[in-house]
Each structure stands twice: as structure tokens, then as C-alpha cells.
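The values are calculated or read from the model by the stated rules, or taken from the named source; none is laboratory data. Keep in mind that what you see is a predicted model, and the values were worked out from it rather than measured. Cβ sites come from the backbone with ideal geometry, for glycine too, and all protein chains shown count toward neighbours.
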Amino acid sequence: MKGAINIDLTGIILKGRYCIVEQVGRGGEGSMYLARDLELGIFRAVKELPASSRREAGLLRLLEHPYLPKMIDYTERGNFCYIIMEYIHGRSLEEYMQEGYVFSIEEILCIGDVTLQVLEYFHSRKPAVFYGDLKPANIMMTDQKRLYLVDFGSAVFSYSAPYKETKGTRGYAAPEQLQGKISAASDFYALGKTMEVLCGKKKFRYFLKCPALGKFIFRCCRTEPEKRWQGTAEARNELCKIHPLNLQLKAVLFPLAVALVVFVAVLGSGLDREKLPELSQMLTPVTAQYFTMEYQSGSAIWKEKIHVHIEKELQNLQKVYQKTQDQIRILELLAWNGQLADKADHAEIYYRQLLTYEPEYSKGYLEYGLFLCRQGRYQESRAVYRQWKNRAEEKRMQIADAFAEEWQEWKKEAGIILGRTKQSFLEGAF
């Protein structure tokens, strides 16, 4: 839990049985500890979460699969809950990559197949379970190369999917997930992104050697959910057919490799981030289009063309300017452009992307809530502000002082929009 005070639990005994040995990890929602089971004399993994996240424990109780860690016990202490699980001696795939490990095509195919087996189990539950946050950091591999899918903080049941906040992880979450929608297809998208990342710097070499792998990943990552795999059985069937080409790439593809190196070198010299002009200089001609005669006095068709053009230009800048503050500024402009174009669905996508930049963009929930209020979606706006308040309280922030200006702006605009219902709406917001 971001912003929480990190209390050393070493030596603490939970339920009179599990003695905390040391902290072995810390994520966005909580910490992971190594503990010794005093009755059996073996190690256990203990995940500490805010008491409000106890649903993850409830979900784990219902799941049992060879590639999932087994839940052993559960307890609560103060404002935290503790999930005692089978201890997996290994590292995440992300850690392997950070240490310089290069996954082979065969290993990537194996990881994809194992993950699909787990997803097949999830999606076949009654009701179905959508994992929601597939990425290398959530796949553990032991020294014996056995894989486990861990961390169920983003998992939801199918019937509750439309009502849960399912942010996922930037770079892995499907486009519809950024709009608050999640389905089996969303998990396939994250699988494709995960396999692509595991290819590392050898991605293009792997795709040339194994075109079917590139084709599989491409279909996983289609923007439209209906164009992805329609079921885990179909996806596994195709994955099992993939075999790398037995080619001497050095002899066959050497000319292509040289051309690719030259292209990347030329492209890289043009996009050297150290030589990039300030973002504000690049944004000036983009935003200046709002003040042209064509926009100010033009027809609705002209304005629509300008909005589309501005969106494309901002998206291109987004690919080049990767600093967090630059990304936030561009997303703000994309969201505002969507509202000016009367395309609420576009604006909402960008507002939801802004939420993933917390805490750097701490007022993301306030901006998104105000947007929903302007759209007349008052119930959703209330829900967003409750989420903001809960997060602020978790971080021990003083609500009266934090974001006071934005909060007053929201109340003022909400009052204008709602008129007589202002007081009842504000009272019901929390």
C-alpha cells in the first residue's frame, strides 16, 4: 500500500504458528514475507494486505491448480490481513530479465502454454474469473523451471467485472480495461504483451525465425477484443502448432540484419531523447490549431478534422516523449481534445490512463470524477470520489489540505451542473 508506514514484522508470530523471518518483497498493495511454520518446521509465504483487500484471500480459497500457489491459512491483525501460502523458492520472470537472462523461443512458448492452462482454468470457473494483471512480474519460476502465476489483487469474477476498478498495469492492460471493462479477451491481450516483452531485444530475430510466434502475439494484442482469441482452447491449439524454423539465420538473414541496424541507427539519431526539444515547444503548434480561423469559424466537419488531426499529433508525441510528466501532459491534452470533439469515449480512455500515473498525477481521480459529472454520470462520479478518498486516507493524507483547489472546483462545477440537487449530491459523494 503506497504511502503506508513500513513496520518491521520480523519476529512476529501470526496465529501462534507462523513466525515472520524477513520481508522478501513489496508491491503496490502490500508486502510479502518469509515465515516459518512452527508446527511443521517448513517455510511459508505470507502476504500482507490492507483489510479492505481481503477479497483476494476469498478468491484464493476457491482456486486450486498445479500452477497456482496453494493458500494454507488466513488471519487478520489490526488494519491488515495476512494470506499464508505455499512458499515458492524462485524469482519472477521480470527479475530474471533484469539479471540479464535471455529467454529462448522454446521457453517463451512453454511460458505461454502454461499461462494459457491457468487462464483456461480461470475462465472455465462458474462464475468465470478474469485475472486482470498478467505480466512478467506476476509469473514466478523456480530453479527447476517450474512456473507459478501469483498475485490476485486485480482478479475479478465475471459478474462483478463491470463494477470493479480494473486498472491493470500500464503497457499490459488491454484498451477496454482502461475503460473499466474486462473479459477473457483482456487476459489474452496481456498474455501477448507478456510474451512480446519476454522476447526482449531478440524480438525481431525471433519473429523472423518463428513467424508463427509473431502471428500469435499479434492476434493476442489486437485492439478489438472480438479479433483476439475467442477461447483458451483455440489459443492453446494454435500455440502447440508453433515450431521455430530450423534455419541458419546468420547466412540467410544477414543482409536484412544489416539493413535493420542501419535503419535503427538513423531512427535513433533522430529521436535521441537527450537532443529532443522541450515538449512545450512541440505542443505550441498543435494547440495553436484551436485558434485558427478554420476552427473558430469553420463548419462542424472542419472542426472534426482538426480534432482528429490533433489527436494523431499528440499520439505521435506520446511515442517519443517518455518521461512521466510529459506523458501526463500529453494525456491531459488528449482528454481535453476528446471532450472538445464531443467524443466522451475517447476522453474517458485518456482519463483512465492518467489514473495509472498515480502518485505522480495525484489529482487524476478528481479530474476523472469531474469529467463523469459533466457527462451526467453522477453515480459513477460519486464512486470515483469515494475511491479517491479511500486512497487518500490510506496514504494518511489530510483531505482538507490536499488538492483543496481541485476539490472546490469540483463542488462548484457540480453545483452548476446539478442545480437544486447539488447539496444532496455532495452529501452523497462520500
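On the basis of being hydrophobic (A, V, I, L, M, F, W, C), farther than 30 Å from residue 9 by Cβ and in a helix (DSSP H, G or I), does residue 103 make the cut?
Taking the combined requirement at face value, the residue does not satisfy it.
Out of the residues in the range 39-77 that are assigned to a helix (DSSP H, G or I) and small (Gly, Ala, Ser), state the one that is farthest from residue 154 (Cα to Cα).
Filtering first and then ranking leaves 51.
For the range 164-220, which helices (runs of 4 or more DSSP H) that fit wholly inside it have 3 or more residues that are of a type in the set (Gly, Ala, Ser)?
Ranges flagged: 184-199.
Among the residues of the range 349-382 satisfying the criterion of being in contact with a helix residue (DSSP H, G or I) (Cβ under 7 Å, 6 or more places away or on another chain), modelled with pLDDT of 80 or more and hydroxyl-bearing (Ser, Thr, Tyr), which is nearest to residue 174 (Cα to Cα)?
Taking the candidates together, the pick is 350.
Which condition from (1) part of a loop (DSSP other than H, G, I, E, B); (2) surrounded by fewer than 19 Cβ atoms within 10 Å (Cβ to Cβ); (3) modelled with pLDDT under 85 is the one that residue 1 breaks?
(2)
For the range 208-238, give me each residue that is among the aromatic types (Phe, Trp, Tyr) and in contact with a Cys (Cβ under 8 Å, 6 or more places away or on another chain).
Of everything in the range 208-238, just one residue is among the aromatic types (Phe, Trp, Tyr) and in contact with a Cys (Cβ under 8 Å, 6 or more places away or on another chain), namely 229.
Does at least one position in the range 78-100 carry a residue that is assigned to a loop (DSSP other than H, G, I, E, B), closer than 21 Å to residue 191 by Cβ and either charged (D, E, K, R) or modelled with pLDDT of 85 or more (or both)?
Looking through the range 78-100, at least one residue is assigned to a loop (DSSP other than H, G, I, E, B), closer than 21 Å to residue 191 by Cβ and either charged (D, E, K, R) or modelled with pLDDT of 85 or more (or both).
Please state which one of 101, 82 is more than 13 Å from residue 147 (Cα to Cα) and crowded, with 22+ Cβ neighbours inside 10 Å.
Only one candidate qualifies: 82.
For the range 179-236: of the residues being buried (at least 22 other Cβ atoms within 10 Å of the Cβ) and in contact with a Ser or Thr (Cβ under 7 Å, 6 or more places away or on another chain), which is modelled with the lowest pLDDT?
Among residues in the range 179-236 that are buried (at least 22 other Cβ atoms within 10 Å of the Cβ) and in contact with a Ser or Thr (Cβ under 7 Å, 6 or more places away or on another chain), the one modelled with the lowest pLDDT is 182.
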